[in-house]
Amino acid sequence: MPELPEAETLVRGLRPRIVGETIQRTRVLREDLLRVPARRFRSEVAHRTITAVERRAKNIVFELDGGERRLVTNLGMTGGYYPLGYDLGSTEPSHVGVRFHFGDGRKLVFRDVRRFGCLEVDDPDAWAERDARIGPEPLSDDYTPDDLHAALQRSRTPLRNWLLDQRRIAGVGNIYASEAAFLAGVDPLRPANEVTRDEAALLHGGLRAVLGEAIERGGTTLRDYRDAGGEPGGFGRQLMVYGREGEPCPNCDTPIERTVLSNRSAFACPECQR
Ligand SMILES: [Zn+2]
C-alpha cells in the first residue's frame, strides 16, 4: 500500500517530466476512480497546464494553471502514475484507469489494479478545506518536537492510532508507526497524552528517520527491504519490530509482541517500550 515515502518517490519521478505539460485530451477507462461523471472530470482538466507536482500526506497533487485547480489523487491500495513517451519507455501497463494525453505522443497514465484510488479536481476553496483537514507533514522543516508533543497532549487515544490518524499527522502508516514508537521507547498502546516531552522528541526523530530512509531507498517499504535482504553491507536500518512477532528485540532479545488494535497489528518490545 503506497504510504508517504512511496508517494514522495512518485512525485520526485514525475516532477522533472510532466511539469509544464498541458493536458490536451483525457480518456477515462474506469469511471469508478472518479467522484464526478467522466465528462465533467475531462472538462475540469481540459487544456490546463501542470505547473507543479506536490505531495500532501499520501496524495499526489498536480497544481493546474498556477493553482486555479488542483488534481488530487489518492493512490488507494495499488494506484500509481506512469509517464509514457519520456525516457522511461512508452509501453502502457495493464489496468490503466485514466489516460492524460499531452502532445508529441507523451502521456501520463493512472494505473490501479484494485481501484481503491480516487482522482478529484479541487478549486482553491475545496483544496484549502481538504488541506486543512490533514495534519502537519512530519518531514516539513517547521514541524518541531514541541509541535508533536503539544498535539499528543490533546488526545487520550492510543499512540499507535494517533499516529495513523491523518488529521493529526500526515502520511504515517502502520509500519512507520510501529518502528517510530520502538525508536522512542514508547508502548504504542499508551494514551497519546501520556507521552512525555523527551519521548515526543525521540518519536519525532524516529518518524523522520524511518520515513526519510524509506524515501532514500526509492519508496521501497521497509518490509520489502527486509524481504529483499542479504545485500552486502545493507542500505540502512532494517525493520526492528514490524512483522517480527516472537523474534528477539534488537536491543534486549525479549520476544517482540504483536497486539491487534482497531483491526491492525502493532508490534512492540514489552521491555523497551513502556
Ligand atoms: Zn527490547
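The single condition among (1) farther than 28 Å from residue 166 by Cα; (2) within 23 Å of the chain's Cα centre (by Cα); (3) not in a loop (DSSP other than H, G, I, E, B) that residue 40 does not meet is (2). The criterion of at least 2 residues that are polar (S, T, N, Q) is met by the following helices (runs of 4 or more DSSP H) wholly inside region 124-198: 174-184.
Of the residues making up region 29-45, none is touching a Phe, Trp or Tyr at 6+ places or on another chain (Cβ under 9 Å), among the small types (Gly, Ala, Ser) and over 21 Å from residue 130 (Cβ atoms).
Here is the figure for region 180-208: residues that are closer than 22 Å to residue 141 by Cα and within 23 Å of the chain's Cα centre (by Cα) total 13. Residues that are loosely packed, with under 15 Cβ neighbours inside 10 Å and touching a residue at least 12 places away in the same chain (Cβ under 8 Å) were ranked within region 132-153; the one that is farthest from residue 36 (Cα to Cα) is 146. Just wondering, is there one or more residues in region 154-168 that are of a type in the set (Lys, Arg) and in contact (Cβ under 8 Å) with a residue 60 or more places away in the chain? Yes, there is a match, as at least one residue in region 154-168 is of a type in the set (Lys, Arg) and in contact (Cβ under 8 Å) with a residue 60 or more places away in the chain.
Just the residues that are within 15 Å of residue 164 (Cα to Cα) and surrounded by 13 or more Cβ atoms within 10 Å (Cβ to Cβ), please, taken from region 260-274.
So the first thing to find is which residues in region 260-274 are within 15 Å of residue 164 (Cα to Cα), and the list is 260-267.
Once the filter is applied, which keeps residues that are within 15 Å of residue 164 (Cα to Cα) and surrounded by 13 or more Cβ atoms within 10 Å (Cβ to Cβ), region 260-274 yields 261, 264, 265, 266, 267.
Among the conditions (1) over 19 Å from residue 151 (Cβ atoms); (2) surrounded by 15 or more Cβ atoms within 10 Å (Cβ to Cβ); (3) at pLDDT below 95, residue 232 misses just one, which is (2). Checking each residue in region 241-259 for being more than 7 Å from the ligand (Cβ to nearest atom) and surrounded by 13 or more Cβ atoms within 10 Å (Cβ to Cβ) picks out 241, 242, 243, 244, 245, 247, 250, 255, 256, 257, 258, 259. Scanning region 115-122 turns up at least one residue that is in contact (Cβ under 8 Å) with a residue 60 or more places away in the chain, part of a loop (DSSP other than H, G, I, E, B) and either touching a Lys or Arg at 6+ places or on another chain (Cβ under 7 Å) or of a type outside the set (Gly, Ala, Ser) (or both).
The values are calculated or read from the model by the stated rules, or taken from the named source; none is laboratory data. It should be emphasised that the depicted structure is a prediction, and the values quoted were computed from it without experimental measurement. In this analysis, Cβ positions are derived from the backbone assuming ideal geometry, glycine residues included, and neighbour counts consider all displayed protein chains.
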